[in-house]
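Before anything else, here's the structure in question.
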Amino acid sequence: MTPFRPSRLALAALPLLLAACAVQRPPAQAPAPTPAGWHAPVPHQGSVADLARWWEQHADPLLGELVRDAQALSPTVAQAGAQLAQARAQQVAARAALLPALDAQANASRGFNEQVGGIATVAQAGLQAGWEIDLFGRNAAVEDAARERLAGARAQWHEARVSVAAEVALQYSGWHHCMRQLAVAQADARSRGETARLAQESERAGFTAPATAALATASHADALGRAAQQRLQCEIDVKTLVALTGRTEPALRAQLAAAPPLRPQDALFAIGSLPAQTLAQRPDVYAAEREVAAASAEVGDAQAQRLPRVTLSGSIGRGLVRSGGVEVTSNTWSIGPVAVTLPLFDGGRRAAQVDAARARYDSAVQRYHAQVRQAVGEVEQALVRLDSTAGRSADARRAADGYRRSFEATQARWTAGMASLVELEDARRTQLASETALVALEQERMAAWIALYRAAGGGWSEAAPTP
């Protein structure tokens with residue numbers, strides 16, 4: 001009869017023990033349902049430019065230069081770059097934990113030595129190695145989390161650059177349209193001024209009542225006030241561009257004055273007709289997805305901390321003893337010990353860490369789903385605005401042309417004495433409103449294109465270069 005041996009039983013049960021201790025992570029992917037297609041029309045008419053560099057397709061190179069300057073100075077981009085560098089360093093540290101550690105040691109002393117019975121010089125030098133055997137994947141989980149967060153930090157750096165580009169393009173477009181509104185206001189003020197002059201001359205000749213001349217003078221003053229207010233807005237736009245780009249104001253004013261007019265286009269770039277294709281270009285969605293994977297790895301790390309840890313150490317060295325002109329050297333080396341650390345009681349601390357890691361994972365999944373919903377909503381809203389402005393543009397141009405012709409005809413009748421000043425001012429007011437609305441509609445359309453550029457991720461891809 002074979003005697004009972006506990007050591008053999010323990011070895012036989014070891015695979016079952018390791019299987020029972022295996023770390024079970026939650027899924028690293030959290031699928032978020034996306035619609036099968038956009039509910040708003042996708043603008044693909046006409047020639048389209050690359051989404052990532054759509055501003056370079058314009059005949060105006062100044063916009064691209066302003067975008068690059070703003071990205072270089074943006075504190076948001078700088079902060080994202082610092083977070084990227086931090087994530088890269090954390091990944092290097094996490095990867096190093098999977099490798100053995102090697103330290104050099106050296107010491108020397110002189111004094112009475114009992115072994116030689118006299119004064120002696122003793123020196124030692126050696127290498128000490130240590131390695132934690134990642135039996136349950138704890139260090140690998142930490143490295144996985146660091147790698148995923150590094151990928152997310154890269155995407156967030158690109159997102160910061162896209163945001164700055166959109167902000168500069170919006171301000172630049174706003175300045176161009178502000179100047180067009182100023183030109184409309186100034187032309188209206190000149191027209192009213194000429195009317196006021198003629199009315200005053202007619203009053204002095206006795207052909208026009210004082211109340212009529214006063215109405216013309218008040219109308220001219222009102223137009224001058226509107227033009228001054230519009231000029232103030234344009235000045236604010238210039239100073240905002242100065243703050244964004246860091247350029248000197250005199251130089252920027254000269255460059256803006258030499259820039260060609262910014263005309264609206266039917267199509268600036270194309271986006272994917274399928275929502276999944278477009279959302280794949282959103283760096284914030286990608287970063288949220290990477291955070292889910294990182295949180296999943298951290299659950300594995302927290303679970304592995306409840307399991308045994310195995311470390312192996314070793315050393316190699318050389319010693320020297322010198323006394324009375326006699327020198328003795330020796331070599332030493334050792335492998336081990338193999339240390340096993342088994343958590344027994346911690347008051348529930350490690351179990352609580354697992355629960356906290358799972359809660360962080362659930363939170364990351366919810367944030368990812370919310371980010372996807374927000375991305376879909378932003379793209380849909382930008383598409384709806386584009387479609388609306390496209391449908392209103394033709395009507396707005398026809399209205400502006402019609403009201404302009406109506407005002408010119410009324411002005412001719414007033415000059416000939418066949419229309420009252422009240423009729424003239426009413427036609428002028430309608431014409432001014434239609435021209436102002438036309439410029440505002442073109443600005444709204446350009447803003448919708450810029451919003452779509454930002455909502456579609458700015459043409460970012462996972463393979464995009466980073467600093």
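The values are calculated or read from the model by the stated rules, or taken from the named source; none is laboratory data. Model, not experiment: these values are computed from the prediction. Heads up, the Cβs are rebuilt from the backbone with ideal geometry, glycines too, and the neighbour counts pull from every protein chain shown.
So for the stretch 387-405 (the condition being buried (at least 16 other Cβ atoms within 10 Å of the Cβ), basic (Lys, Arg), free of Cβ contacts under 8 Å to residues at least 60 places away in the same chain and closer than 30 Å to ALA40 by Cα), does at least one residue qualify?
yes
How about the stretch 438-465: which of its residues are under 17 Å from ALA151 (Cα atoms) and either in contact with a Ser or Thr (Cβ under 9 Å, 6 or more places away or on another chain) or aliphatic (A, V, I, L, M) (or both)?
GLY457, ALA463, ALA464
So in the stretch 425-467, with the set limited to residues that are touching a Phe, Trp or Tyr at 6+ places or on another chain (Cβ under 9 Å) and acidic (Asp, Glu), which one is farthest from LEU51 (Cα to Cα)?
The selected residue is GLU435.
Separate question: In the set GLU408, GLU423, GLU442, which member is farther than 30 Å from ALA287 by Cα, touching a residue at least 12 places away in the same chain (Cβ under 8 Å) and surrounded by fewer than 16 Cβ atoms within 10 Å (Cβ to Cβ)?
From the options GLU408, GLU423, GLU442, the qualifying one is GLU423.
Let me ask something else. Could you please let me know if ARG263 is modelled with pLDDT under 85 and among the basic types (Lys, Arg)?
Criteria met by ARG263.
Among the residues of the stretch 148-165, is any modelled with pLDDT of 90 or more and either more than 16 Å from the chain's Cα centre (by Cα) or outside any helix (DSSP H, G or I) (or both)?
Checked the stretch 148-165: at least one residue is modelled with pLDDT of 90 or more and either more than 16 Å from the chain's Cα centre (by Cα) or outside any helix (DSSP H, G or I) (or both).
Given ASP266, ASP284, which one is closer than 30 Å to ARG445 by Cβ, in the same structural domain as GLU167 (by TED's automatic domain parsing) and not in a helix (DSSP H, G or I)?
Result of the check over ASP266, ASP284: ASP266.
Here's something else I'd like to know. Looking at the structure I just gave you, is SER393 modelled with pLDDT of 90 or more and out of contact with any Cys (no Cβ under 9 Å at 6 or more places or on another chain)?
Against the criterion (modelled with pLDDT of 90 or more and out of contact with any Cys (no Cβ under 9 Å at 6 or more places or on another chain)), SER393 does not qualify.
Take ALA433 and decide whether it is hydrophobic (A, V, I, L, M, F, W, C), assigned to a helix (DSSP H, G or I), surrounded by 15 or more Cβ atoms within 10 Å (Cβ to Cβ) and assigned by TED's automatic domain parsing to the domain that holds VAL379.
Here the answer is no, as ALA433 does not meet what is asked.
Quick check on this structure: which one of ALA297, ALA357, ALA370 is farther than 19 Å from VAL142 by Cβ and assigned to a helix (DSSP H, G or I)?
ALA370
While we're here: Scan the stretch 183-207 and report the pairs whose first residue is free of Cβ contacts under 8 Å to residues at least 12 places away in the same chain and assigned by TED's automatic domain parsing to the domain that holds ALA412 and whose second residue is aliphatic (A, V, I, L, M) and buried (at least 18 other Cβ atoms within 10 Å of the Cβ), with Cβ atoms within less than 6 Å and a gap of 6+ or a chain change.
Between residues of the stretch 183-207 that are free of Cβ contacts under 8 Å to residues at least 12 places away in the same chain and assigned by TED's automatic domain parsing to the domain that holds ALA412 and residues that are aliphatic (A, V, I, L, M) and buried (at least 18 other Cβ atoms within 10 Å of the Cβ), the close pairs are GLU203/ALA213.
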